């Protein structure tokens, strides 16, 4: 039996069920709009988007692992490459590039070539503190937590705020190994 | 069986044969030891109550994984036995066989462990376990009413699983 080979992002993207990109963008826009109306505080909306992303991420990881056949990554560099090339391609249809590694190899930046969430979007003056794509940072954080990596994911550059690219910084805080969950006296 | 819409599940499920269930039982655990699913098709002997049985099974596999990784002759690490492992390290064990049954095991990097106990002449079930993992993703993970980390209560998942297992060689 041939060993399982990890499938490339393009191959998987061609096989998964896809939705219309505009529908996706407009739905996401409607969600953010509604959150702004309900919560009013921009900081609160940022936090809520991150939490929503986290809840998505913890489920997304299983789908990712099942469909992409990747084996366990040996180190964080490989993890970042897999997220950028296979993960983003599979779920958003865009690839990202990995840059800005620090000396220890625990912190890197993912630069998105293209961000389907922000098509047609402009931030008004009242929402200048809003991280519109914060759901993505939550998704990455949630997914990595389910594979034993505690990370901190933040937006460094955001085109909606006037920068020239979308840059997501992923910082590995620690790797949490599996522990025997039952106590001995139970 | 076109219940997955456009997405492709690999391997594609085998055609169900007329024979009865080929598997004895199945467990699914998550990384915290919670038994998400226990299915039983053919188990004449039961010695422990279900809680103890789940703990025993989980503990057995946890220790086996640790042991097999430490005894790996091709690995260069010299960790001590009992030290918790990071998911990237160590080799993964697949199955063991006794004269009365064969136990096949698969663990995903996210900690989901799937265990299938079958008759001892079963062929290698790695692809089947992967298929079951795909079923788990489609029916359980994507279900918005399911809370991750709790036991699975999905009739559809159970029926699909039964159908698939019935067709296993």
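Structure summary
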read-out	value
Yes/no for residue A:67 being within 19 Å of the chain's Cα centre (by Cα) and surrounded by fewer than 16 Cβ atoms within 10 Å (Cβ to Cβ)	no
Tally, over the stretch B:66-103, of residues that are crowded, with 17+ Cβ neighbours inside 10 Å and modelled with pLDDT of 85 or more	3
Any chance residue A:53 is within 14 Å of chain B (Cβ to nearest Cβ), assigned to a helix (DSSP H, G or I) and either touching a residue at least 12 places away in the same chain (Cβ under 8 Å) or on the phi < 0 side of the Ramachandran plot (or both)	no
Test: residue in the stretch A:131-154 that is within 12 Å of chain B (Cβ to nearest Cβ), out of contact with any helix residue (DSSP H, G or I) (no Cβ under 6 Å at 6 or more places or on another chain) and assigned to a helix (DSSP H, G or I)	yes
Residue within the stretch A:59-73 that is away from chain B (no Cβ under 14 Å), closer than 24 Å to residue B:112 by Cα and out of contact with any strand residue (DSSP E or B) (no Cβ under 6 Å at 6 or more places or on another chain) present	no
Residue ID - nearest to residue A:17 (Cα to Cα), chosen from residues in the stretch B:113-142 that are part of a loop (DSSP other than H, G, I, E, B) and more than 9 Å from chain A (Cβ to nearest Cβ)	B:125
Residue within the stretch B:26-44 that is modelled with pLDDT of 85 or more, at positive phi and within 12 Å of another protein chain (Cβ to nearest Cβ) present	yes
Members of the stretch B:110-129 found to be surrounded by fewer than 19 Cβ atoms within 10 Å (Cβ to Cβ) and under 26 Å from residue A:180 (Cα atoms), listed by number	B:111, B:126
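Conditions tested, residue by residue: (1) loosely packed, with under 13 Cβ neighbours inside 10 Å; (2) modelled with pLDDT of 90 or more.
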site	(1), (2)
A:144	no, yes
A:162	yes, no
A:171	no, yes
A:176	no, no
A:179	yes, no
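The values are calculated or read from the model by the stated rules, or taken from the named source; none is laboratory data. Predicted model only: the values in this text are computed from it and were never measured. Cβ: placed from backbone, ideal geometry, glycine included. Neighbour counts: every protein chain shown.
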